[in-house]
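Q: This is the structure I have questions about; it appears just below.
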Amino acid sequence: MRREVRQRCGFGCVICGLPLYEYDHIINYSIVQEHTPENLTLLCDQHHREKTNKLLSIEQVIEANNNPYNVINANTTPYLLNFAGSDFSVILGDIRQFVPNVNSQNDFIIPFLVNNKRLISFEIIEGKLFFNLVLLDEHDNLLLKIVENEMVFSSEQWDVEFVGRRLTIRKALGVIIFDIEFLIPNSVKIYKADFNCDGYWFKVREEGFTARGFDIQIKNIGGRLIFAAGEYDGRYPVMFRG
C-alpha cells in the first residue's frame, strides 16, 4: 500500500516535492476508520503540520494529491544533504575507501572514473565537504544525481523509498538497483548498486564491487582513486585500470 502511495505521489510531498515525507490520511483516520491507498498521500513535515493546524485545507491537499508536484516536474525537489568535516570515507559493500592524512582545505576520494567522469566522489573544497554521485540506468537515463550535497532523483522510476538515512531504488518488485545509507556527517555506505556509464558498468554487492570483470575485495583502501575505465587523463594515481 505504501509503495502504491509513493508511486502515485512521485516519491515526495505532493505540495512541494521534498523527498522527506510522512504518510498522511487525507480524511482523518478517526473519521474513516480504515487504511486505503486512495485516502493516503505524502506530505513533508511542514505541510503535514500545516494540515494538522488547519493552515492547509483538506481541499488543497486533495488538489495536490491529484496533481503531485514531482509528477508534474518529473523530478523531486532538491534536498541538501548535511555533509561536513575533514575526515570522510565511502563504503562499497565490504570495502572502505578513506583518505589518510587528509588536507582539511582541499582533498578528495573517487571510487571510480569512467572516461574521466566521476560517478561518486567526496571532495573538500575550501574547507567544505561535498558529496557527489551520478546514477544512470543501462540506457544512460538519469535516476539519481547528487551535486555538492544537493540531491535530486527522477520521479519516473518504479519505486524510490527514503526512510531515515537510507535511500533505496527498485526497478521492479524485489529488484533493488541502488541502496545507500547517508552516514552523516562524513561518510556513505552503498549496500548495493548497479552503475552504468558510456557502456561501462560497476556492480556493488555485500562482498565488495565488480568493475568490468575485476573483483575488488580489499577491505580498506587508502588511495584516492580505485578504478578508472575508458579514457583516462592520468591526473591521479589509480589502483586499477580497465
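Q: In the set Ile91, Ile125, Ile109, Ile95, which member is in contact (Cβ under 8 Å) with a residue 12 or more places away in the chain, within 28 Å of Leu143 (Cβ to Cβ), among the β-branched types (Val, Ile, Thr) and surrounded by fewer than 18 Cβ atoms within 10 Å (Cβ to Cβ)? Lay out the reasoning, then the answer.
A: Values: Ile91 fails: surrounded by fewer than 18 Cβ atoms within 10 Å (Cβ to Cβ); Ile109 fails: surrounded by fewer than 18 Cβ atoms within 10 Å (Cβ to Cβ); Ile95 fails: surrounded by fewer than 18 Cβ atoms within 10 Å (Cβ to Cβ).
The unique qualifying residue is Ile125.
Q: If Pro185 passes every condition in (1) more than 26 Å from Ala74 (Cβ to Cβ); (2) touching a residue at least 40 places away in the same chain (Cβ under 8 Å); (3) part of a strand (DSSP E or B) but one, which one does it miss?
A: Pro185 satisfies all of (1) more than 26 Å from Ala74 (Cβ to Cβ); (2) touching a residue at least 40 places away in the same chain (Cβ under 8 Å); (3) part of a strand (DSSP E or B) except (3).
Q: All but one of (1) part of a helix (DSSP H, G or I); (2) out of contact with any helix residue (DSSP H, G or I) (no Cβ under 9 Å at 6 or more places or on another chain); (3) of a type outside the set (Lys, Arg); (4) over 17 Å from Glu22 (Cβ atoms) hold for Val71; which doesn't?
A: With (1) part of a helix (DSSP H, G or I); (2) out of contact with any helix residue (DSSP H, G or I) (no Cβ under 9 Å at 6 or more places or on another chain); (3) of a type outside the set (Lys, Arg); (4) over 17 Å from Glu22 (Cβ atoms) applied to Val71, the lone miss is (2).
Q: Residues Phe195, Phe209, Phe153, Phe202: which one is under 25 Å from Asp45 (Cβ atoms) and assigned to a strand (DSSP E or B)?
A: Values: Phe195 fails: under 25 Å from Asp45 (Cβ atoms); Phe209 fails: under 25 Å from Asp45 (Cβ atoms); Phe202 fails: under 25 Å from Asp45 (Cβ atoms).
Among Phe195, Phe209, Phe153, Phe202, only Phe153 is under 25 Å from Asp45 (Cβ atoms) and assigned to a strand (DSSP E or B).
Q: Considering each of Phe11, Phe83 in turn, give the residue that is on the phi > 0 side of the Ramachandran plot and within 25 Å of the chain's Cα centre (by Cα).
A: On the way: Phe83 fails: on the phi > 0 side of the Ramachandran plot.
Testing whether each residue is on the phi > 0 side of the Ramachandran plot and within 25 Å of the chain's Cα centre (by Cα) leaves just Phe11.
Q: Another question about this same structure. Any residue in segment 168-180 that's within 17 Å of Val152 (Cα to Cα) and among the small types (Gly, Ala, Ser): show its pairings with residues that are part of a strand (DSSP E or B) and at pLDDT below 95 at Cβ separation under 6 Å, as long as the two are six or more apart or on different chains.
A: From segment 168-180, no pairs qualify.
Q: Only one of Phe83, Phe11 is assigned to a loop (DSSP other than H, G, I, E, B), touching a residue at least 12 places away in the same chain (Cβ under 8 Å), crowded, with 17+ Cβ neighbours inside 10 Å and in the same structural domain as Ser155 (by TED's automatic domain parsing); which?
A: Working: Phe11 fails: in the same structural domain as Ser155 (by TED's automatic domain parsing).
The unique qualifying residue is Phe83.
Q: Just for segment 128-153: of the residues that are surrounded by 14 or more Cβ atoms within 10 Å (Cβ to Cβ) and either outside the structural domain of Asp198 (by TED's automatic domain parsing) or in contact with a Cys (Cβ under 9 Å, 6 or more places away or on another chain) (or both), which one is farthest from Gly222 (Cα to Cα)?
A: Looking at residues that are surrounded by 14 or more Cβ atoms within 10 Å (Cβ to Cβ) and either outside the structural domain of Asp198 (by TED's automatic domain parsing) or in contact with a Cys (Cβ under 9 Å, 6 or more places away or on another chain) (or both), I get Leu136.
The values are calculated or read from the model by the stated rules, or taken from the named source; none is laboratory data. Values in this document were obtained by computation on a predicted structure and should not be read as measured data. Every residue, glycine as well, gets a Cβ built from its backbone with ideal geometry; the counts of neighbours run over all protein chains shown.
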